[in-house]
Amino acid sequence: MTSSTSSLDEDPNACVAAGDSRLRRGGSLKFFYGPMDCGKSTLALQMDYNHARQGRRGLVLTTIDRAGPGRLSTRIGLGKEAVDVSADLDIRGLVRQRWQQGIRVDYLICDEASFYTVAQIEQLADLVDTSDVDVYAFGLATDFRTSLFPAAQRLFELADEVTRVQVEVLCWCGRPGLLNARVVNGGIAREGDQVVIGDTASSSDSSDSPQQDHTEQDVRYQVLCRRHHRVGDLGPTARQEGQLRLV
């Protein structure tokens, strides 16, 4: 028993087709969550860098990123090419296709995971449990109504580890910013579609805003503390250059 396990660990090709978990004892599903601007995408890129530096092979995935399809970007200027996760993408099939091509996939970095479908979260869990792939998911927990995104809820239910990203985001009042408010035409919205692309940068910053809401409404997002989210108080200045963006 011991000798067979040792030989497996020493064989560099033993688990190439189905991931390369460091201890070969199964992968893990980890979910990192927090409000806008807490550094989730930056942490995702750092996680990818750390694993790749140790010789592991991974895939970076994202959806509705600020830089457009096919790229994971951050507000501090970091970025990397990424697989765009459309609603009909079979992530499990994507990874298996790479294996068929002889490409090793040891881990997945899944940014904006709260916007994935529940079925895709199930696929991630399946890759962890049956194929020894490590999955690191990053995303929002709740929407503008403070309700859990369906994909985020499933991650809370299935993840081996759940971690709140610790970079502190502040409400305009100085309290910790916990909730993402949708501001439509200057007032906080309580109803509407769960996902609407909006922007809170100044109108002159259009070059950094490739994805805009295409309705005639002015839609933006702002981080608030629970108290001011509940009462709908956006603070003394409703819009300032450099305020936060949803994605």
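Okay, residues lined up against (1) more than 17 Å from Ser114 (Cβ to Cβ); (2) part of a loop (DSSP other than H, G, I, E, B); (3) at pLDDT 95 or above:
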position	(1), (2), (3)
Gly55	yes, yes, no
Leu72	no, no, no
Ile76	yes, yes, no
Ala87	no, yes, no
Could you please let me know if Asp143 is within 24 Å of Arg98 (Cα to Cα) and modelled with pLDDT under 95?
no
Flagged pairs (Cβ under 6 angstrom, 6 or more apart or on separate chains; first in the range 106-121, touching a residue at least 24 places away in the same chain (Cβ under 8 Å); second of a type in the set (Lys, Arg) and part of a helix (DSSP H, G or I)) are Val118/Arg154; Ile121/Arg154
Cβ-Cβ under 7 Å pairs, at least 6 apart or on other chains, the range 176-190 side among the polar types (S, T, N, Q), far side surrounded by 19 or more Cβ atoms within 10 Å (Cβ to Cβ) and modelled with pLDDT of 90 or more
Asn180/Leu140; Asn180/Val223
Selection from the range 119-147 of residues aliphatic (A, V, I, L, M) and within 14 Å of the chain's Cα centre (by Cα) yields Ile121, Leu124, Val135, Ala137, Leu140, Ala141
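The values are calculated or read from the model by the stated rules, or taken from the named source; none is laboratory data. None of the values given here were measured: they were computed from a predicted structure. Here the Cβ is made from the backbone with ideal geometry for all residues, glycine too, and neighbour counts use every protein chain on show.
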